[in-house]
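J.: One structure, pasted below without further comment.
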Amino acid sequence: MNDSLKTIEDLFTPSTESVAGLIEEFQNEIRRGLNEDNSSIAMHPSYVSRPTGREAGEFVALDVGGSNVRATVVELAGDGMVRVRRHAAFRLSRIDGEAADLFDPIAEFIGGVLEEGRSYDLGFTFAFPTDQAAVNQGRLTKWTKEFAFRGVEGNDVAALLTQSIARKAETVTALQSVSVTALANDTVGVLATGAYSDARCDLGLIVGTGTNMAVAVDRRLVGRSLPPTVGNPDEMLFNMECGNFDGVRSIQTPYDRTLDTESDSEGQLLEKMVSGRYLGEIVRLVVTGLGSDGNGFSDWSGPNSVFRLPYGFTTEHLSDIAYDESDELAGTGMLLKRLGVGTSEPDERRLFKKICQLVAGRSARMVAMSIAATTTYIDPRLESQHVIAVDGSLFRGYPGYQLEAQAGLQEMLGNSSIEQAQVSYVRDGSGIGAAIIAAVAGAGFP
Ligand code: GLC
């Protein structure tokens, strides 16, 4: 069993040199993306700049993320302060179907949050890659995170939402005066939320069901001509879509390759190593792979076991295991029973926990790699301070994740520079950011 542990450890712990190589390749891809050359980091312009913090008013924010839809009525106080007036959430019951199966229930749900007889500007955060033509228009380039609604790829998602709102407004009168005034990726929303209260914030990061970053770029660094930015004309926020970074092919394990081959989402190689949608599945593939080689976990794939089913073992289970710090891992044993593994030996459970830690640890280290590469792209000698606003269930909820990401940053940036890149968690940043962007879009730049 020790031999298998050593092999797994080596596979999931890329050397410091190979991580340095990834940082370099990540930066090359950012450069190519900004110049509109073929790149696995698309750098989609969002046509908006950071807010000043002085934007004010009441807005509706709609956040369509990995698994939850949230609607929030937000009051921006104009001094960097945000007040949440109303908030509601629901879980999507499906991730495929027709476009109307996605947008009609969302429109109806928004109607339930709004007051009758008022008009609202709505900011829409959509946590998928869109090719934007303006601050309130964007075509979905491809579904990610295993979503598969038909008739959405290639179409303007703000228009699809507007059509569903119009359909539902016939019966839900509160929807009659809602207009979709801004569309943004969730990472752009997080960045806007961070920057609303702290002008040093120039990066937004999501580590949840999916993973991705947004960055504020001085327009002089952009090698292609783009229409004007709403807000500050000298900068542009870019949705990087760096979950699609394919430089990590060089550190893929056989398990990553199997996961990729069996996935419905094309590409997204970095995301498949990092995000909550996939970590449980990687662990499952390791466990079943070792089991079939006779290296432990021999009886873990019995008829009732979740380890038989793709995606049966989830990242939430991984979190539960990380919380179990007992010597014999009795809590893990109980969880395994519930997951259909009749008996497990303490040694097997220890190896299992170690695998979970290695998979989660690599994820945090790859997040640190993405932050290190992006901050040093926009500021090679780290002369200014950068705040990285972060949101997402994995970053928030996985025990020890934030510390591991921080340790990774220390490894990559060094002790002398680490103070220049501060990671700051912002709760509901993506949703609130939609309201802030709607405000920037409405107010312009003073
Ligand atoms: C996926 C999506 C991206 C989103 C991220 C986090 O990577 O493609 O648009 O920002 O998930 O939700």
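J.: For the stretch 304-320, enumerate the residues that are in a loop (DSSP other than H, G, I, E, B) and without any contact (Cβ under 8 Å) to a residue 24 or more places away in the chain.
T.: Residues of the stretch 304-320 in a loop (DSSP other than H, G, I, E, B): 304-305, 309-314.
Passing the criteria: only 309.
J.: Continuing with the same structure: List pairs: first residue in the stretch 340-353 and free of Cβ contacts under 8 Å to residues at least 40 places away in the same chain and closer than 11 Å to residue 300 by Cβ, second residue of a type outside the set (Val, Ile, Thr) and open to solvent by less than 90 Å² (accessible area, probe 1.4 Å) anywhere in the structure, Cβ distance under 8 angstrom, at least six positions apart or on different chains.
T.: Going by the 8 Å Cβ cut-off, the qualifying pairs are 340/302; 340/305; 340/307; 349/329; 349/333; 349/336.
J.: Next question, about the same structure. Restricting attention to the stretch 9-47, which residues are among the charged types (D, E, K, R) and either under 27 Å from residue 283 (Cα atoms) or open to solvent by 50 Å² or more (accessible area, probe 1.4 Å) (or both)? Even if it seems obvious, please write down each step before you answer.
T.: Kept after step one, since they are among the charged types (D, E, K, R), are these residues of the stretch 9-47: 9-10, 17, 24-25, 29, 31-32, 36-37.
9, 10, 17, 24, 25, 31, 32, 36, 37, listed by residue number.
J.: A further question follows. Give the residues of the stretch 55-97 that are charged (D, E, K, R) and either open to solvent by less than 50 Å² (accessible area, probe 1.4 Å) or not in a strand (DSSP E or B) (or both), sorted by residue number. Before the answer, list the steps.
T.: Going residue by residue through the stretch 55-97, those that are charged (D, E, K, R) are 55, 58, 63, 70, 75, 79, 83, 85-86, 91, 94, 96.
Scanning the stretch 55-97 gives 55, 63, 75, 79, 94.
J.: Right, another one. Looking at 289, 276, 267, which is the one that is in contact with a helix residue (DSSP H, G or I) (Cβ under 8 Å, 6 or more places away or on another chain) and more than 14 Å from the ligand (Cβ to nearest atom)? Outline the logic, then answer.
T.: Working: 276 fails: more than 14 Å from the ligand (Cβ to nearest atom); 267 fails: more than 14 Å from the ligand (Cβ to nearest atom).
After ruling out the rest, the residue left standing is 289.
J.: Shifting gears a bit: Of all residues in the stretch 98-120, which are in contact (Cβ under 8 Å) with a residue 60 or more places away in the chain, out of contact with any Gly (no Cβ under 6 Å at 6 or more places or on another chain) and open to solvent by less than 60 Å² (accessible area, probe 1.4 Å)?
T.: Within the stretch 98-120, 100, 103, 104, 107, 110, 111, 114, 120 qualify.
J.: Determine, yes or no, whether residue 137 is within 15 Å of the ligand (Cβ to nearest atom), under 23 Å from residue 33 (Cβ atoms), open to solvent by 10 Å² or more (accessible area, probe 1.4 Å) and polar (S, T, N, Q).
T.: Working: within 15 Å of the ligand (Cβ to nearest atom): no; under 23 Å from residue 33 (Cβ atoms): yes; open to solvent by 10 Å² or more (accessible area, probe 1.4 Å): yes; polar (S, T, N, Q): yes.
The answer is no for residue 137.
J.: Give the residue, chosen from 148, 159, 169, that is within 16 Å of the ligand (Cβ to nearest atom) and touching a strand residue (DSSP E or B) at 6+ places or on another chain (Cβ under 9 Å). Explain how you work it out, then say what you get.
T.: Working: 159 fails: within 16 Å of the ligand (Cβ to nearest atom); 169 fails: within 16 Å of the ligand (Cβ to nearest atom).
Sole residue among the options that is within 16 Å of the ligand (Cβ to nearest atom) and touching a strand residue (DSSP E or B) at 6+ places or on another chain (Cβ under 9 Å): 148.
J.: Collect the residues in the stretch 401-418 that are within 19 Å of the chain's Cα centre (by Cα) and open to solvent by less than 40 Å² (accessible area, probe 1.4 Å), keeping them in residue-number order. Talk me through it step by step, then tell me what you get.
T.: Going through the stretch 401-418, the residues within 19 Å of the chain's Cα centre (by Cα) turn out to be 401-406, 408-409.
401, 405, 408, 409, listed by residue number.
J.: Kindly establish whether residue 219 is at pLDDT below 95 and either of a type in the set (Lys, Arg) or surrounded by fewer than 24 Cβ atoms within 10 Å (Cβ to Cβ) (or both).
T.: Working: at pLDDT below 95: yes; either of a type in the set (Lys, Arg) or surrounded by fewer than 24 Cβ atoms within 10 Å (Cβ to Cβ) (or both): yes.
When the stated conditions are applied, residue 219 passes them.
J.: Can you name every residue in the stretch 419-446 that is of a type in the set (A, V, I, L, M), touching a Gly at 6+ places or on another chain (Cβ under 7 Å) and open to solvent by less than 10 Å² (accessible area, probe 1.4 Å)?
T.: Answer for the stretch 419-446, where residues must be of a type in the set (A, V, I, L, M), touching a Gly at 6+ places or on another chain (Cβ under 7 Å) and open to solvent by less than 10 Å² (accessible area, probe 1.4 Å): 434, 435, 437, 438, 439, 440.
J.: A further question on this structure: So is residue 52 out of contact with any Phe, Trp or Tyr (no Cβ under 8 Å at 6 or more places or on another chain), open to solvent by 10 Å² or more (accessible area, probe 1.4 Å), away from the ligand (no atom under 16 Å from the Cβ) and not basic (Lys, Arg) or not? Can you show your working first?
T.: Details: out of contact with any Phe, Trp or Tyr (no Cβ under 8 Å at 6 or more places or on another chain): no; open to solvent by 10 Å² or more (accessible area, probe 1.4 Å): yes; away from the ligand (no atom under 16 Å from the Cβ): yes; not basic (Lys, Arg): yes.
Considered against the rule, which asks whether it is out of contact with any Phe, Trp or Tyr (no Cβ under 8 Å at 6 or more places or on another chain), open to solvent by 10 Å² or more (accessible area, probe 1.4 Å), away from the ligand (no atom under 16 Å from the Cβ) and not basic (Lys, Arg), residue 52 comes out as no.
J.: Check 191, 183 and return the single one that is assigned to a helix (DSSP H, G or I) and either within 13 Å of the ligand (Cβ to nearest atom) or not acidic (Asp, Glu) (or both).
T.: Values: 183 fails: assigned to a helix (DSSP H, G or I).
Answer to the check: 191.
The values are calculated or read from the model by the stated rules, or taken from the named source; none is laboratory data. Please read all numbers here as calculations on a predicted model, not as lab measurements. So basically every Cβ, Gly included, is an ideal-geometry build from the backbone, and we count neighbours across all protein chains shown. Calculation scope for accessible area: heavy atoms of the full protein, side chains included, ligands and nucleic acids excluded. Shrake-Rupley method; radii C 1.70, N 1.55, O 1.52, S 1.80 Å.
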